1. Quick one: 3J(HN,Hα) in Hz for segment A:71-84, Karplus 6.51/-1.76/1.60 with θ = phi - 60°, rounded, Gly and Pro as x.
2. Convert each backbone phi in segment B:32-47 into a coupling constant with the Karplus relation 6.51 cos²θ - 1.76 cosθ + 1.60 (shift: θ = phi - 60°), then list the ³J(HN,Hα) values in order as whole Hz, x for Gly and Pro.
3. Tell me the net charge near A:Ser157. Cut-off is 12 Å between Cβ atoms, A:Ser157 excluded, with +1 for each Lys or Arg and -1 for each Asp or Glu.
4. Measure off 7 Å from each Cα along the Cα-to-Cβ vector at B:Ser10 and B:Ile44, then give the distance between these two points in nanometres to one decimal.
5. With Cβ to Cβ distances under 13 Å as the rule, what net charge do the other residues near A:Arg58 carry (K, R +1; D, E -1)?
6. Run the paramagnetic zone check for A:Ser11: 7 angstrom along Cα to Cβ, then residues of segment A:46-65 with backbone nitrogen under 20 Å.
Amino acid sequence: MGASEHPGRSSAERDEAFRVELVALIPHLRAFARTLCGDATAADDLAQDAMLKAWDARESFQMGTNMKAWTFMILRNQFYSDKRRAWRQTQLDQEAAERTLVAVDDPAGPVALDELRQALAMLPAEQREALILVGAGGFAYEEAAAICNCAVGTVKSRVSRARRALQGVLESGDYRREKSSAGEAMDRILADAERLSTVK
Amino acid sequence: MKPPRKRPPSLDEARLRQQAIGVKLRQMFDEVVNEPVPDEFLEILRRADARRPGEG
């Protein structure tokens, strides 16, 4: 491309800084999208749309502020506006729910993780997203509230309801597959978590 | 000093379970975060980057 002149050096530098930061966020956008969408392909489409939207809106982003929260907000808004446009397409069906968050080819992954995915898919969408943002995305309640466009107290109550519901589902073995008896999934999660980290 | 263990075991256990769920939740999310980013993403961004304002 013959664009040899930049309108302003600082503007080009700013674009570059923005681009670097945005690229670093792509894996997180993909992960968040995977929790919202039914399958990995739709999730990547969503993450790409959000990435492009963020790039196009870069002028309105204030460098130095939380770009992760900003891009997550864009992604979430995109998801819900797509959903309004094509409700059918993004609605979680049983098959899609099963694929939710599945890291594509890892059949050898721990069983408990699969059960957690299924249990998550059973939660109301607003509880699931609040729990994911706070519990996995590393956001503070205040940031999650900004992303979800709701009050901080609302996020707190959604997260705590989601936690209780998840625990209930896992302990009762009340997810879709009926392979495990009650409590088995929870036991496996406990055992697995102990291996992964030192839970005091 | 030894931490007092006055809580009923069920409460401790509930907390332990919540922590375990938290660990798994992060693991599940991080699994996707750690996947290699498909080339498509960078390609799309590169094309957008090359676009001149006011063009197309």
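Bear in mind these aren't lab numbers, they're just calculated from the coordinates by the rules spelled out. Since this is a predicted model, take the numbers as computed values, not measurements. Every residue, glycine as well, gets a Cβ built from its backbone with ideal geometry; the counts of neighbours run over all protein chains shown.
1. 5, 5, 5, 4, 4, 5, 4, 4, 4, 6, 6, 4, 5, 5
2. My calculation for segment B:32-47 gives 6, 4, 7, 5, x, 6, x, 3, 3, 4, 5, 5, 4, 5, 5, 5 Hz in order.
3. +4
4. Taking the two extended label points, one gets 4.9 nm.
5. -3
6. A:53-64
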